[in-house]
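Structure first, then comments.
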C-alpha cells in the first residue's frame, strides 16, 4: 500500500478548524460538546488548545468573555447547535455590553436539511445578530481558515465585542488534502482583517485644548476603553500636567490610584454636577454616567469624547469627538499641551502599575441568588483543580427574607414562599464537597477570616457559605427605583 503524502493525506474540517484556531494564537476554549462539535473539541486538544468543559453554555460563555477581557485576546466559546447556541447568547450579550473580545463557534444543521425540521435546527445567524459585531457561516471547508481568522480579528479590533462563526454539520464532515489545507491557512493568515486607523486632525486637537484652557471646572473621566488601550501613562500625564481632577468608571479603576490627590471619587456627584468641560476617555455616557444628561450633569457642560468607535460619538453628539485609540489620541493631546497658565502643572509621585495577577489568589463573591445560576460549575473548578475560592453570601433569597408587606400576603397561594425567597440556611458549601472540594460554613467575621486564610493558603477549589441576616441591608447598586 502506498504511503500517504501531504499531497494525498486528507484531514477533515474539525481538524482544519482546530489548526486555524491554533495558527491564530488561540490557547484556550470553553464550552459544552455534543452533536456536531465533539470531534472539533478533541482535535483542538491534540493541537495544544486547552478545552474547559462546562455544564451549561451560559456559564461557559461568561467564562469565555471574561477570558477575553482579562487577556485582551478573544475568548472562544464552542457550542452545539440549536439550544446550545441559544444558551451561549448570554456570553455574547455580556461581550457586547462590556466590549470584551469573544468568539462563539457553533455547529448547525446540515445545509441540505434547512427548513425541513432537522435535529436542533435554528437560524443561528439570525439568533446571534443583536449580540455580535460580525458573524459568518462557513458554507464549505475551503472557507474555514478565512472565517476563523475573520471572527477572531473582528472581535478584538476597534471596539472589542462578540463575533460568531456558524459551521454546518455537513461542512464539518468535508475533507481536503493536507497540502490544500496548509495553502488555505497560509493565504488566510496573509489576508487577516486590520481595522482602519483614523488619525485625529490638528484642528480637533486645537479645539480640545482651547476648550480645556477656557474651562473653569474641567473634569477628566476615563473608563474601560482607556484600560483596554493601556493608556495609564497617558492618563497620568494628562491629569498631572493639567491638574484637572479625574473620575474613573468602575472598569477604569486601577489606571490611577483612588488615593491620588486629584481623584474626585469622594465627591463624584459634586464633580459631575459642577464641571463645565468633561474630557471622557474610553467611557460611554451610559447609565453609569447618567447618560451625560441633566440634572446630574449641568445642561451647559461641554463633552470632549475620546472613543475608538466613531458610531458612539455620532450617537452622543458631544461638543467635540476625537475618534481613535485612547492611548494614541492622548499622546497627541499631551504633546500639544504646554505648561502654561491654564495648567496647574503639578507633579505627583505615581507608582501604581497594572501587573499580571495570574499567580495571586482568585476569588468570586456572589449572593445565593447569583450562585444558583452556575452552582454546578463548582464541579468544573474541582475537575481542573482551579484554585478559586467562591464566597456565597447566603441571605436566603434574591434580596433576602420575605420582605412583603402584610397586605401583599393574600390569595389562594399566600402560604407559598415569597417569590424572592429560597430555602433558609441552604448548605451550599456541601455541594463542592460532593466533588472533592473544600466547603466552609461561617456565620461570624472571625470564622470568615479563618476560612479565607485557610482556603487561600491551600490554593484549592473551595466554597465559603457565609450566612447573613436575611433582613439586613437593601438592594445594591442604586437600582431599587427600577424595581
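Quick notes
- Selected residue (criterion: nearest to the chain's Cα centre (by Cα)) from residues of segment 70-87 that are outside any loop (DSSP other than H, G, I, E, B) and surrounded by 24 or more Cβ atoms within 10 Å (Cβ to Cβ): 75
- Those helices (runs of 4 or more DSSP H) of segment 88-174 in which at least 2 residues are under 21 Å from residue 310 (Cβ atoms) and touching a strand residue (DSSP E or B) at 6+ places or on another chain (Cβ under 6 Å), considering only elements entirely within it, cover 144-156.
For (1) assigned by TED's automatic domain parsing to the domain that holds residue 378; (2) on the phi > 0 side of the Ramachandran plot; (3) surrounded by fewer than 21 Cβ atoms within 10 Å (Cβ to Cβ); (4) in a loop (DSSP other than H, G, I, E, B), each residue gets a yes or a no:
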position: 16; (1), (2), (3), (4): no, no, no, no
position: 19; (1), (2), (3), (4): no, no, no, no
position: 30; (1), (2), (3), (4): no, no, no, no
position: 35; (1), (2), (3), (4): no, no, yes, yes
position: 48; (1), (2), (3), (4): no, yes, yes, yes
position: 51; (1), (2), (3), (4): no, no, yes, no
position: 55; (1), (2), (3), (4): no, no, yes, yes
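- Here 421, 374 are screened, and the one residue that is within 27 Å of the chain's Cα centre (by Cα), surrounded by fewer than 21 Cβ atoms within 10 Å (Cβ to Cβ) and assigned by TED's automatic domain parsing to the domain that holds residue 473 is 374.
- Those helices (runs of 4 or more DSSP H) lying entirely in segment 188-251 with at least 1 residues under 12 Å from residue 337 (Cβ atoms) and not assigned by TED's automatic domain parsing to the domain that holds residue 156: 202-214, 232-242
The values are calculated or read from the model by the stated rules, or taken from the named source; none is laboratory data. Keep in mind that what you see is a predicted model, and the values were worked out from it rather than measured. Cβ coordinates were reconstructed from backbone atoms using ideal geometry, including for glycine residues, and neighbour counts include every protein chain displayed.
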